[in-house]
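Everything below concerns the one structure shown next.
The values are calculated or read from the model by the stated rules, or taken from the named source; none is laboratory data. All values derive from a computational prediction rather than experimental measurement. Glycine gets a Cβ as well: all are built from the backbone with ideal geometry, and neighbour counts include every protein chain shown.
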Amino acid sequence: MIRYFLKLAYRGTAYHGWQVQDNAHTVQAELNQKISILLGEDINVVGCGRTDTGVHAREFYAHFDNAFPIPFKPDDFVFKLNRFLPNDIAIYDVRKVPGDLHARFSAVSRTYRYYISQIKDPFLRDLSIEYTGVLNLEAMQEAASYLKNYTDFTSFSKLHTQTATNNCKIKEAFWVKEDSQLIFTITADRFLRNMVRAIVGTLLEIGKGKIPVSVMKQIIESRDRSKAGFSVPAQGLFLEKIVYSQDPLIYKV
């Protein structure tokens, strides 16, 4: 079997997340169908993660295995596949890679960003959440810095998931203000379901003054989802960057 890596991006507004589901429109299902038509083979793509309903990906990788070389030059394959796909999914590159390079398990870090618009902006309506109230950004920044000191994030995990562990190693977590937007960036080796949205919701509660900064540590240490804040809506969340142990784009088809 020959393994191919795809670099892509998608706007998640119209999709029930990445992963194939019965009776639901997903990004993975869309790719499976269109690549299978293009190659005349039954193709199943494997993604670098499982974004939830409405979440966007500015950088996403997926791989698929095929018994034969793809019958197109890389640029032609990308062009033809983009012609098949809807406008909210874009393919940027395809590379033939070693068979042990895995879109999900070979990734060593993932970066998400969450966008909050502090003014009413019709052009950001589906790509951020709007909050025009006063927020204590200094308090939110301090609370975010505590995340790097912990590994168990059960307090921010969706309940009743089938993950073997709730441990994650967070490398960075911080806020920046850019014009009328507040942007939260977080990088880790892995993420739990709903984790980023629950963290952002908790930080917003701190920014509004509803939760003291010092309580952030107690929330994390409690390992109790009910102690944390609400989960913010999906439309403000973007998967921004994936880093691999070996760069899949160094290879050529």
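Is it the case that Thr151 is within 27 Å of Lys227 (Cβ to Cβ), touching a Ser or Thr at 6+ places or on another chain (Cβ under 6 Å) and either assigned by TED's automatic domain parsing to the domain that holds Val215 or aromatic (Phe, Trp, Tyr) (or both)?
no
Please go through segment 81-101 and pick out each residue that is surrounded by fewer than 18 Cβ atoms within 10 Å (Cβ to Cβ) and in contact (Cβ under 8 Å) with a residue 12 or more places away in the chain.
Our first condition is that a residue be surrounded by fewer than 18 Cβ atoms within 10 Å (Cβ to Cβ); within segment 81-101, this holds for 82-84, 86-88, 90, 92-93, 96, 98-100.
Residues satisfying the conditions are Phe84, Pro86, Asp88, Ala90, Tyr92, Asp93, Lys96, Pro98, Gly99.
Could you please find all residues in segment 190-218 being closer than 14 Å to Glu142 by Cβ and more than 23 Å from the chain's Cα centre (by Cα)? Across segment 190-218, the qualifying residues are Ile206, Gly207, Gly209, Ile211, Pro212, Val213, Ser214, Val215, Met216, Lys217.
For segment 67-115, taking the residues that are over 21 Å from Asn44 (Cβ atoms) and assigned to a strand (DSSP E or B), the one that is nearest to the chain's Cα centre (by Cα) is identified as Tyr112. When the test is whether a residue is of a type in the set (Gly, Ala, Ser), within 18 Å of Leu192 (Cα to Cα) and surrounded by fewer than 20 Cβ atoms within 10 Å (Cβ to Cβ), Gly54 passes it. For segment 116-142, residues that are touching a Phe, Trp or Tyr at 6+ places or on another chain (Cβ under 7 Å) and not hydrophobic (A, V, I, L, M, F, W, C) total 3. Selection of segment 181-206 for residues being over 12 Å from Ala144 (Cα atoms), in contact (Cβ under 8 Å) with a residue 60 or more places away in the chain and in contact with a helix residue (DSSP H, G or I) (Cβ under 9 Å, 6 or more places away or on another chain) yields Gln181, Leu182, Ala188, Asn194, Arg197.
Scanning segment 151-161 for residues that are touching a residue at least 12 places away in the same chain (Cβ under 8 Å) and either surrounded by fewer than 16 Cβ atoms within 10 Å (Cβ to Cβ) or among the basic types (Lys, Arg) (or both) yields Thr151, Asp152, Lys158, Leu159, Thr161. Give the residue that is surrounded by the fewest Cβ atoms within 10 Å (Cβ to Cβ), with candidates limited to residues of segment 209-226 that are under 13 Å from Ile199 (Cβ atoms) and either touching a residue at least 60 places away in the same chain (Cβ under 8 Å) or not assigned by TED's automatic domain parsing to the domain that holds Leu137 (or both). Looking at the filtered set, the residue picked out is Arg225. Against the list (1) out of contact with any Lys or Arg (no Cβ under 9 Å at 6 or more places or on another chain); (2) closer than 27 Å to Gln246 by Cα; (3) at pLDDT 95 or above, the condition Gly54 fails is (2).
The set of residues from segment 117-145 being touching a helix residue (DSSP H, G or I) at 6+ places or on another chain (Cβ under 6 Å) and surrounded by fewer than 17 Cβ atoms within 10 Å (Cβ to Cβ) comprises Asp126, Asn136.
Working carefully through the options Gln19, Gln28, find the one that is within 24 Å of Arg197 (Cβ to Cβ) and assigned to a loop (DSSP other than H, G, I, E, B). Write out each step before concluding.
Values: Gln28 fails: assigned to a loop (DSSP other than H, G, I, E, B).
Of Gln19, Gln28, the one residue that is within 24 Å of Arg197 (Cβ to Cβ) and assigned to a loop (DSSP other than H, G, I, E, B) is Gln19.
Ala164 meets the conditions (1) outside any helix (DSSP H, G or I); (2) small (Gly, Ala, Ser); (3) surrounded by 15 or more Cβ atoms within 10 Å (Cβ to Cβ) in every case but one. The failed one is (3). Output the residue which, of all residues in segment 167-180 that are in a loop (DSSP other than H, G, I, E, B) and either under 18 Å from the mean Cα position of the chain (by Cα) or in contact (Cβ under 8 Å) with a residue 40 or more places away in the chain (or both), is farthest from Thr111 (Cα to Cα). The qualifying residue farthest from Thr111 (Cα to Cα) is Ser180.
For segment 77-95, the condition of being β-branched (Val, Ile, Thr) and at pLDDT below 95 holds for none of the residues.
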